[in-house]
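First the structure, in the form of structure tokens, and then the observations on it.
Every number here is computed from the coordinates shown, using simple stated rules; none is lab data. The model shown is predicted, which means the values in this text are computed figures rather than measured ones. Heads up, the Cβs are rebuilt from the backbone with ideal geometry, glycines too, and the neighbour counts pull from every protein chain shown.
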Amino acid sequence: RCLQVENEHVLRSMKACVSETLSTLGQHFSQLLELALTREVQALVRKIDASDNIYTTESTTGNLFSLTQEGAPLCRIIAKVDGVLCLADILTDDSHSEATRAEAAAVVAQVTSPHLSFTQHLSSFLESMEEIVTA
């Protein structure tokens with residue numbers, strides 16, 4: 001429609017409207033993507049919590065570590081769904097293999113990295129710090 005309009009004023013207002021619509025669509029898409037990622041991370045954390053199988057726990061923890069490599073937004077999601085506390089439980093539980101605990105430690109290191117700007121998730125994590133460091 002913009003190509004058929006010759007009036008500059010009308011054309012500018014149409015372009016502004018299209019730009020605003022695309023911007024809003026982008027914001028909504030970002031929110032939808034974050035919600036989908038949050039649900040997936042929650043499913044992984046629940047799978048770790050519910051698992052009695054050492055291989056499932058190790059594999060799922062490895063999946064979480066892979067997600068942390070995608071950057072700060074995914075680290076924030078992992079922290080907001082209490083993934084850090086779930087991983088802290090793995091670290092302090094001697095029944096898990098050394099490999100599983102190493103994966104858990106790697107995820108915790110990524111999520112609690114000092115270069116990340118969000119820290120609200122760390123208060124409950126700090127309560128277990130002594131046991132985690134020992135583990």
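Assorted remarks:
- GNM on the chain, alpha-carbon springs under 10 angstrom: the most fluctuating residue among Leu25, Leu37, Leu116 is Leu25.
- Rounded to 10°, Cα long-axis angle of helix 8-50 versus longest principal axis of the chain: 10 degrees
- GNM top mover of Lys47, Lys15, Lys80 - the chain, alpha-carbon springs below 10 Å: Lys15
- Summing charges over neighbours of Asp52, with a neighbour being any other residue whose Cβ is under 13 Å away from its Cβ, gives -2 when K and R count +1 and D and E count -1.
- Using alpha carbons only: equivalent-ellipsoid semi-axes of the chain, gyration tensor based, whole Å: 45, 15, 10
- Highest-MSF residue in the chain out of Leu44, Leu22, Leu91 [GNM, Cα springs under 10 Å]: Leu22
- Estimated 222 nm signal from helices in the chain, with DSSP H stretches of n ≥ 4 weighted -39500 (n - 2.57), rounded to 500: -24500 deg cm²/dmol
- Chymotrypsin sites (Phe, Trp or Tyr not before Pro) restricted to DSSP loop in the stretch 18-118 with at most 16 other C-beta within 10 Å: Phe118
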